[in-house]
Structures are given as C-alpha cells and as structure tokens.
Amino acid sequence: MGPNTINGLPAHVLLVHAVVVLVPLTALLVALAVAWPAARRRIGVLLPVVAFVTLVFVPLTTHSGEWLEHHTSRDPLVRIHTHLGDDLLAWSAATFVFATVWWAIHSERARDLLRRRVPRVDAVSGRRAVAVIVAVAALAVAVGSVVQVYRIGDSGAKAAWHDRAAVQAG
C-alpha cells in the first residue's frame, strides 16, 4: 500500500510532512465551519474533501512507517511511536465523518440529494440539537487528532534523536 521509498529516502520521512500539515488544517477548517457561518459557506465542500485527503494520507504514512520500523534496529521508543501512529487513523476517520455530516447538514445540495433518498432527512437535519451534537463531536475529534499528531511527532523525534542528542549534550 503506497511507496516505501521515494528517491532512495524512506517514504515515511516525506509523507509525515503531509500529515503534519493536513491534520491541523482539517481541524482549523472544522473549527471555522462550526464557529463562523460566513466561513462555513465559503469553505463549503472543501471541508469534507480536505478531511478525506487527510484520511487517505494517514494510512499511507503509517504503512510506510511500519516498513521503516522493520528496516531499523528494534527500539522501544520506535514501538511507542508506531503504536501512537496507528491510533491516528481512528481520529482522522472520525474527523472525516463529522466534517462530512456537518457539511451535509448545512449544504442545500447535500440536503436535496438526501431528501430524495431519505424522506425524513429534514426532520433530523433541521433539529438544533443534532447540529449542536455534530458540532461538539466534530470539534472534539478535530482537536483530538491534532493532539494525537503532536504526541506522535514528539515520540518520533525522541525515537529518531535520543541517541544523537545524548551524545551532543555529553
């Protein structure tokens, strides 16, 4: 699934940059769409599209990271990093789902499409309680995904640099 090397470098080292940018970008778009109606209208379908692109990059990055893990010496810090990285898929999937539901609730096009297939969609999507629940859940998983990316990055930096930093400091 996806490349393991790019131009002779481990793909993980390059792909991780996309995740580090896309996860906070998605969270920012979610926050803007939830908190600011004018921004929500401008962001539009871009919200679920960016959330989907983020969701695609996460397993590509974790897969290339697992490949890299198998091609390096065993290290407990790398195992911690890998374990944290595996959890990001659930966070990104939840962010995608809630971002898409939030967009669908507020998009006339999405509601028109759903009306044809689900006759009671107006009764559910028009309720304020549904919008509040989706907004809170969307914000929670978006913030959680950013926190998880921080934790993953911190553990990855420790795994990659702990030996070198100790030599330099001593």
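The values are calculated or read from the model by the stated rules, or taken from the named source; none is laboratory data. Here the structure is a predicted model, which means the values were calculated and not measured. Positions of Cβ are backbone-derived with ideal geometry, glycine not excepted, and every protein chain shown enters the neighbour counts. For the accessible areas, the whole protein counts, side chains as well, though only heavy atoms, and no ligand, DNA or RNA atoms are used. Shrake-Rupley method; radii C 1.70, N 1.55, O 1.52, S 1.80 Å.
Listed values, structure above:
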quantity: Residue among G44, G85 that is closer than 25 Å to D154 by Cβ and open to solvent by less than 30 Å² (accessible area, probe 1.4 Å); calculated: G85
quantity: Positions within region 130-156 being under 21 Å from V50 (Cα atoms), among the β-branched types (V, I, T) and free of Cβ contacts under 8 Å to residues at least 60 places away in the same chain, in sequence order; calculated: V134, V136, V141, V147
quantity: Test: residue in region 132-155 that is modelled with pLDDT under 95, out of contact with any Pro (no Cβ under 7 Å at 6 or more places or on another chain), open to solvent by 60 Å² or more (accessible area, probe 1.4 Å) and over 19 Å from V23 (Cβ atoms); calculated: yes
quantity: Any hit, region 104-125, residues being at pLDDT 95 or above, more than 30 Å from D163 (Cβ to Cβ) and surrounded by fewer than 16 Cβ atoms within 10 Å (Cβ to Cβ); calculated: no
quantity: A39 open to solvent by less than 40 Å² (accessible area, probe 1.4 Å), in a helix (DSSP H, G or I) and within 19 Å of V101 (Cα to Cα); calculated: yes
quantity: All positions within region 4-58 that are under 20 Å from D86 (Cα atoms), in contact (Cβ under 8 Å) with a residue 60 or more places away in the chain and not hydrophobic (A, V, I, L, M, F, W, C); calculated: N4, P10, P24, T26
quantity: Top-ranked residue in region 1-24 [being surrounded by 15 or more Cβ atoms within 10 Å (Cβ to Cβ) and within 29 Å of A104 (Cα to Cα); ranked as nearest to the chain's Cα centre (by Cα)]; calculated: V23
